[in-house]
Amino acid sequence: MQPSVILLLALLLGYLLGSIPFGLILTRAAGMGDIRTIGSGNIGATNVLRTGNKKVAAATLLLDALKGAVAVWVAPLLLDPSGLLAVGAAAAVGAVLGHCHPVWLGFRGGKGVATSLGVFLALSWPIFVITALAWLVVAKLSRISSAGALGGMAVGLVAAWALAPEAVAIAVTIITLYVYARHHSNIRRLLNGTEPRIGEGKTPAAGPEGQL
């Protein structure tokens, strides 16, 4: 099989795994209805948290990250047992795209941060640790969830080019730029000083767009 075909299949496999809408599945299973009718309409953990159910939100966060990691781990095993790093990297990009644009939900999904953390873990655990720590530090200092997510992704990108092989660094670059694009409204509010801080009261219908 041609390398280009293998990479394309890895991208598709990653997309299919990433498109599993755990936020929607878990909230419906918990009897909370359709998460897309709450807050931002996002299927990610941040919006699930707006239901008030922290356990379901935490489960959504973990499963959204896990599906990204699984995509990176499984793709080389199925498509290239030799373990070509580019295959996992392609699956990583596909998983984030799948989470953001699941075909099952009219291509309207989350913003990709949790799934990005999962693929970072599978691609290179040091990048995952650096990204997660930077996210926590920026979020704690700024008290703004989106600032933490975006700051963590930016630091993770620098770490990827400093520590990881080129295939991984390229995948992290594509993912980071895409996550930033998905957060365009959050970035605009950050620049305007109107992005809500963590814990600020918001009605479900008026809440800011989720970060995950």
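Condition first: of a type outside the set (A, V, I, L, M, F, W, C) and either under 14 Å from the mean Cα position of the chain (by Cα) or within 18 Å of Leu117 (Cβ to Cβ) (or both). Now tell me which residues in the range 46-75 satisfy that.
Correct list: Thr46, Asn47, Thr60, Asp64, Lys67, Gly68.
Select the helices (runs of 4 or more DSSP H) contained entirely in the range 138-197, then report the ones holding at least 2 residues which are buried (at least 19 other Cβ atoms within 10 Å of the Cβ) and in contact (Cβ under 8 Å) with a residue 40 or more places away in the chain.
Per the criteria, 145-163, 166-182.
Would you check which residues across the range 158-182 are among the hydrophobic types (A, V, I, L, M, F, W, C) and under 14 Å from Ala89 (Cβ atoms) and list them?
Passing the criteria: Ala160, Trp161, Ala164, Ala167, Val168, Ala169, Ile170, Ala171, Val172, Ile174, Ile175.
Any residue in the range 47-64 that is of a type outside the set (Gly, Ala, Ser), within 17 Å of Phe120 (Cα to Cα) and in contact with a Ser or Thr (Cβ under 9 Å, 6 or more places away or on another chain)?
yes
Within the range 43-71, how many residues are part of a loop (DSSP other than H, G, I, E, B), surrounded by fewer than 24 Cβ atoms within 10 Å (Cβ to Cβ) and not basic (Lys, Arg)?
The qualifying residues number 3.
Scan the range 1-39 for residues that are assigned to a helix (DSSP H, G or I) and of a type in the set (Gly, Ala, Ser) and jot them down.
Ser4, Ala10, Gly14, Gly18, Gly23, Ala29
How about the range 96-137: which of its residues are surrounded by fewer than 16 Cβ atoms within 10 Å (Cβ to Cβ) and charged (D, E, K, R)?
Arg108
Taking the stated definitions as given, is Trp161 within 26 Å of Asn53 (Cα to Cα) and of a type in the set (Phe, Trp, Tyr)?
No.
Tell me whether the range 72-89 contains one or more residues that are under 19 Å from Thr46 (Cβ atoms) and crowded, with 22+ Cβ neighbours inside 10 Å.
No, the range 72-89 has no match at all.
Would you pick out the residues in the range 93-135 that are closer than 12 Å to Ala149 by Cβ and not in a helix (DSSP H, G or I)?
Gly110, Lys111, Gly112
Output the residue which, of all residues in the range 22-40 that are out of contact with any helix residue (DSSP H, G or I) (no Cβ under 6 Å at 6 or more places or on another chain) and in contact (Cβ under 8 Å) with a residue 24 or more places away in the chain, is surrounded by the most Cβ atoms within 10 Å (Cβ to Cβ).
Filtering first and then ranking leaves Arg36.
Listed here are the residues, each with its yes/no results for (1) closer than 22 Å to Thr176 by Cα; (2) hydroxyl-bearing (Ser, Thr, Tyr); (3) in contact with a Gly (Cβ under 8 Å, 6 or more places away or on another chain).
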site: Pro3; (1), (2), (3): no, no, no
site: Ala10; (1), (2), (3): yes, no, yes
site: Leu26; (1), (2), (3): no, no, no
site: Met32; (1), (2), (3): no, no, no
site: Thr37; (1), (2), (3): no, yes, no
site: Asp64; (1), (2), (3): yes, no, yes
site: Val72; (1), (2), (3): yes, no, yes
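Read the figures in this text as sums done on the coordinates, not as results from a lab. Just so you know, these numbers come straight off a predicted model, no measurement behind them. All Cβ positions, even for glycine, are placed from backbone atoms using ideal geometry, and neighbour counts span all protein chains on display.
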